[in-house]
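One structure is given here, and the rest of the page talks about it.
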Amino acid sequence: MRIVIADDHELYRSGMLTVLGDEPDIDIVAEVGSLPAAVAKCVDLDPNVVILGHRPPRHSGIEACRAISDRAPRTKSLILTGSGDEGDLVEAMAAGASGYLLKDFPAQQIIESLRLAHRGQALIPLGMSSQLIRELSQPRQTPGESTTPRLSDRELGVLQLVGQGKGNKEIAAQLFISQNTVKNHIQNIRNKLNVGSRIELAMHGAEQEMGDRTGPPR
């Protein structure tokens with residue numbers, strides 16, 4: 001896994017280099033101190049994952065994430081921040097981030113988060129999902145469309161597994177279908193729900209599963 005580290009704190013970058021340098025499956029291809037440099041490195045080097053330090057308002061990893069999503073779409077962006085503001089989380093997900101991590105997370109958790117992001121899984125801190133769920137629960141409607149998208153039973157099953165954080169390979173194995181079929185279902189679900197990132201799908205899936213567990217009100 002090839003990664004780029006971008007943070008304006010040199011000491012923090014050095015710490016990340018030390019921690020990640022011992023991992024045999026992680027290759028740090030660049031480390032930079034500014035977000036414009038991070039965008040340029042992602043365009044030039046096409047890494048699998050970029051870690052973007054976020055320290056608003058001067059050092060906005062979210063703006064860099066938006067640029068990377070546009071100019072280097074194969075690169076997964078992880079926002080790494082000291083901000084526990086749920087508004088920042090919502091904005092990061094809307095910008096195309098694959099995860100939102102807090103800097104006080106243990107080193108091993110950050111390492112594992114990199115691996116999960118590389119596999120296409122969605123990452124958000126526990127306890128920070130309430131506003132994101134509220135945002136995603138708002139109907140997105142264009143003129144003439146129903147506010148309630150209709151998913152097939154198979155699509156609902158795929159969506160719930162995405163909500164559990166499973167990757168395409170795991171979903172395919174569990175449902176006894178091919179990975180290409182999973183990809184097609186996910187694309188259809190995205191079109192019907194009008195969502196872009198996998199983490200938005202994951203939140204929809206988590207809501208769906210929660211609804212199935214609780215059942216209708218008595």
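The values are calculated or read from the model by the stated rules, or taken from the named source; none is laboratory data. Quick caveat: nothing in here was measured; it's all calculated off a predicted structure. FYI the Cβ positions are ideal-geometry reconstructions off the backbone, even for glycines, and counts take in every protein chain you see.
Could you check Gly120 against (1) under 13 Å from the mean Cα position of the chain (by Cα); (2) surrounded by fewer than 20 Cβ atoms within 10 Å (Cβ to Cβ); (3) more than 24 Å from Lys166 (Cβ to Cβ) and say which number it fails?
Among (1) under 13 Å from the mean Cα position of the chain (by Cα); (2) surrounded by fewer than 20 Cβ atoms within 10 Å (Cβ to Cβ); (3) more than 24 Å from Lys166 (Cβ to Cβ), Gly120 violates only (3).
Residues in the range 85-99: is at least one modelled with pLDDT under 80 and assigned to a loop (DSSP other than H, G, I, E, B)?
The answer is yes, given that some residue of the range 85-99 is modelled with pLDDT under 80 and assigned to a loop (DSSP other than H, G, I, E, B).
Yes/no per residue for (1) crowded, with 24+ Cβ neighbours inside 10 Å; (2) within 16 Å of Ser98 (Cα to Cα):
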residue	(1), (2)
Ser34	no, no
Leu52	yes, yes
Arg55	no, no
Cys65	yes, yes
Ser69	no, yes
Arg74	no, yes
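Inside the range 14-64, can you point out the residues that are aliphatic (A, V, I, L, M) and not in a helix (DSSP H, G or I)?
Ile26, Ile28, Val29, Ala30, Val32, Val49, Val50, Ile51, Leu52 - these are the residues of the range 14-64 that are aliphatic (A, V, I, L, M) and not in a helix (DSSP H, G or I).
Taking the range 10-65, which residues are of a type in the set (Asp, Glu) and either closer than 18 Å to Arg115 by Cα or touching a residue at least 24 places away in the same chain (Cβ under 8 Å) (or both)?
Asp22, Glu23, Asp25, Asp27, Glu31, Asp46, Glu63, listed by residue number.
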